[in-house]
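Have a look at the structure below before the remarks.
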Amino acid sequence: MASTSPVFLRLMANAVAVANHAGNIIREVMSKGDLGIVEKGVNDPQTEADRRAQQCIIGNLNKKFPLMSVIGEEDLAQEIDVELVSDIDKEVLNLKCPEDLVNVPEQDFVVWVDPLDGTAEYTEGMLDHVTVLIGIAHKNRPVGGVIHQPYYNYKNDKAGLGRTLWGIPGVGVGGFNPVAPPEGKRLVVTTRSHMTPVVQQALDSLKPDEILRVGGAGYKVMLLMEGKATAYVFASPGCKKWDTCAPEAILTAMGGRLTDIHGDPYSYASTEMHPNRRGVLAAAKSDDHKWFVENIPDAVKQLVKS
């Protein structure tokens, strides 16, 4: 069955499997006690878990789809042999493939990988903020996304540890049940550790009922998916394509939207610069997204304009 399935479904099914395996690596490194931290820059740590999870994901995808472009966050000095993940998610593999992707060859897809989103939170023990992000793009747009949360339910001894969410625009989502945000309330999620005067100005202008400050782009968007926030607003160039490709695909699949702060979509072509220079604005409902675009002041938009 797997060998005759469209490349896209095989790619998605493999992405779910390797994301789960990366989650195992992340938990294993934490359990050893030595995170192997190095500093890539100011407030930008990298751990052994970042390195090993990326090697696992990219190594496996490159072996199974050697003609495809895979772009990861971590700049690793050397390639190493990785354990081949033989698992494949059968639920995803058996989905009906979108018509426009049925005959697309592997070389026409681009995969954006953040092996451990929320590294700072990982080092600080804020484990629910940690995610693994694998986004799949075709013709510059996200067509599939996988978010694995390795420490989901980690505070509940009786519950299963970890979960994987996925989404395919035009097909649907899996691994969770989308929940709409509360009616009549404006709950905005934003950065925990990269606040700037411009980000604050944007938030103030929206007059939110509550501001949630959390780490990791993946975790922020998960709050939208679960109805715990109305919008994710970040008027700053701090995010990268590997932070938003997977979340955008899942949001789109459930009727939401993710764009820059001006309301324009990002391109996920392999030739694009990695930073999302015009900020991030996301909402689980398209109508909410439209309202936030219209109500962010032009002065803020001009400051974020590259």
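The values are calculated or read from the model by the stated rules, or taken from the named source; none is laboratory data. Computed from a predicted model, the values in this text were never measured in an experiment. A quick note on method: Cβ atoms are made from the backbone with ideal geometry, for glycine too, and the neighbour counts reach across all protein chains shown. Surface areas here come from the heavy atoms of the whole protein model, side chains and all, with no ligands, DNA or RNA. Shrake-Rupley method; radii C 1.70, N 1.55, O 1.52, S 1.80 Å.
Look at the dipole of the chain built from charges on Cβ: of Ala253, Leu303, Pro208, the Cα furthest out on the positive end belongs to Pro208.
When the Cα positions of Val132, Val92, Leu11 are compared along the charge dipole of the chain, Val92 comes out farthest toward the positive end, with charges on each C-beta of Lys, Arg, Asp and Glu. For segment 1-136, the dipole from Cβ point charges (+1 on Lys and Arg, -1 on Asp and Glu) about the Cα centre works out to 520 debye, to the nearest 20. With a 1.4 Å probe and all protein chains left in place, how much of the accessible area of the chain comes from carbon and sulfur atoms, in whole percent? Carbon plus sulfur share of accessible area: 48 percent.
Looking at segment 114-207, what % of the alpha carbon pairs are farther apart than 19 Å? Don't skip to the end; give the middle numbers.
Values: 2668 of 4371 pairs.
More than 19 Å apart: 61 percent of the Cα pairs in segment 114-207.
Taking 18 Å as the straight-line reach from the Cα of Lys185, the aspartates and glutamates in range (excluding those fewer than 8 positions away in the same chain) are Asp204, Asp209, Glu210, Glu226, Asp287, Asp288, Glu294. Here is how the number arises for the chain: DSSP H runs of 4 or more residues each give -39500 (n - 2.57), the sum is divided by the residue count, and the result at 222 nm is -10000 deg cm²/dmol.
Rounded to the nearest 10 degrees, the angle from helix 286-295 to the longest Cα principal axis of the chain is 40 degrees. Among the listed pairs Lys96/Lys139; Lys64/Lys96; Lys32/Lys228; Lys228/Lys290; Lys64/Lys155, a Cα-Cα separation exceeding 30 Å is found for Lys32/Lys228; Lys64/Lys155.
Please report how far the C-alpha centroid of segment 12-37 lies from that of segment 109-136, rounded to the nearest whole angstrom. Distance between centres, Cα-based: 10 Å.
Our coupling estimate for segment 108-114, obtained by passing each phi through the Karplus curve with A = 6.51, B = -1.76, C = 1.60 and θ = phi - 60°, is 8, 9, 10, 10, 10, 10, 10 Hz, Gly and Pro reported as x. Ranking Ser286, Ser267, Pro169 by how far each Cα lies toward the positive end of the dipole of the chain (charges on Cβ) leaves Ser286 at the top. Here's how it looks for Ile71: its modeled amide H is under 5 Å from those of Val111, Trp112, Val113, which are all 5 or more places away or on a different chain. Taken about its Cα centre, segment 189-246 carries a charge dipole of about 180 debye when Lys and Arg each add +1 at the Cβ and Asp and Glu each add -1 at the Cβ. In this structure segment 201-306 gives 37 Å² per residue of accessible area when probed at 1.4 Å with all protein chains present. Assuming a ≥ b ≥ c are the square roots of the Cα gyration tensor eigenvalues, decide whether segment 164-302 counts as rounded (a/c under 1.5), prolate (otherwise, with a/b larger than b/c) or oblate. Note, shape of segment 164-302 comes out oblate.
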